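Notes follow the structure.
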Amino acid sequence: MPAKLSLTSTLSLPNVSYTIPRLGFGVYQSPGDTCVKSCLTALRVGYRHIDTAQYYANESQVGKAIADSK
């Protein structure tokens, strides 16, 4: 039986000794202020992986949330 996932579950990256959080908070189609607020909430409750892409065009909002979260 597979282990249960949690916000602290990680995934090893191939060919390097780094890991990344296995669960990410997605921001696809998350507009402006909603994106900032939801990312801040996600970071506050323990997410450490924001699943974003240039295609989503909300990099500045994700960056603002990360900066504001300290």
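Structure above, values below:
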read-out	value
Surface accessible to a 1.4 Å probe, per residue, for the residues of the chain, Å²	75 Å²
Carbon + sulfur, % of accessible area of the chain - ligands and nucleic acids excluded, 1.4 Å	56 percent
Of THR34, THR19, THR52, the one that fluctuates the most in a GNM where the chain has Cα springs shorter than 10 Å	THR19
Percentage relative contact order, the chain, counting C-alpha pairs under 8 Å, at least six apart	29 percent
Scattering curve values for the chain, log₁₀ I(q)/I(0), Debye with Cα scatterers, q = 0.16, 0.24 Å⁻¹	-0.60, -1.04
Full-extension gain in nm, ARG44 to ASP68, via 0.36 nm per residue minus C-alpha separation	7.6 nm
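The values are calculated or read from the model by the stated rules, or taken from the named source; none is laboratory data. Note that the structure is predicted; figures quoted are calculated from it, not measured. Side chains included, ligands, DNA and RNA excluded: accessible areas come from the protein's heavy atoms. Shrake-Rupley method; radii C 1.70, N 1.55, O 1.52, S 1.80 Å.
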